[in-house]
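Shown next, in structure tokens, is the structure this report addresses.
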Amino acid sequence: MRTLLEIERRYWVEKDIPWHIVTEKEIPSVVVKISIGFALQSEMIIHHETLLERVQFFAHHFQKTPNRL
């Protein structure tokens, strides 16, 4: 697995694109739980207002800790 990740890292480095590994330790647990719930509800139709609320929620949490990635 490490070899595959290293190949991927080098690929993005050559393209001058930042590459990071992000785990649940770098993302607030509430964001992880909502993301999993969101993925499990793939059959659900998301209304425009709900989508905007979720985007604002994620933006808020990522702005609170911008250096976690």
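For this structure, a couple of remarks:
For (1) out of contact with any Pro (no Cβ under 6 Å at 6 or more places or on another chain); (2) surrounded by 13 or more Cβ atoms within 10 Å (Cβ to Cβ); (3) at pLDDT 70 or above; (4) within 21 Å of Pro18 (Cβ to Cβ), each residue gets a yes or a no:
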site	(1), (2), (3), (4)
Lys33	yes, no, yes, no
Ser42	yes, no, no, no
Ile45	yes, no, no, no
Ala59	yes, no, yes, yes
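- In segment 1-29, the residues that are exposed (fewer than 10 other Cβ atoms within 10 Å of the Cβ), assigned to a helix (DSSP H, G or I), modelled with pLDDT of 85 or more and of a type outside the set (Val, Ile, Thr): Leu4, Glu14
The values are calculated or read from the model by the stated rules, or taken from the named source; none is laboratory data. Computed from a predicted structure; not experimentally measured. Quick reminder, even Gly has a Cβ in these numbers, built from the backbone with ideal geometry, and neighbours come from all protein chains shown.
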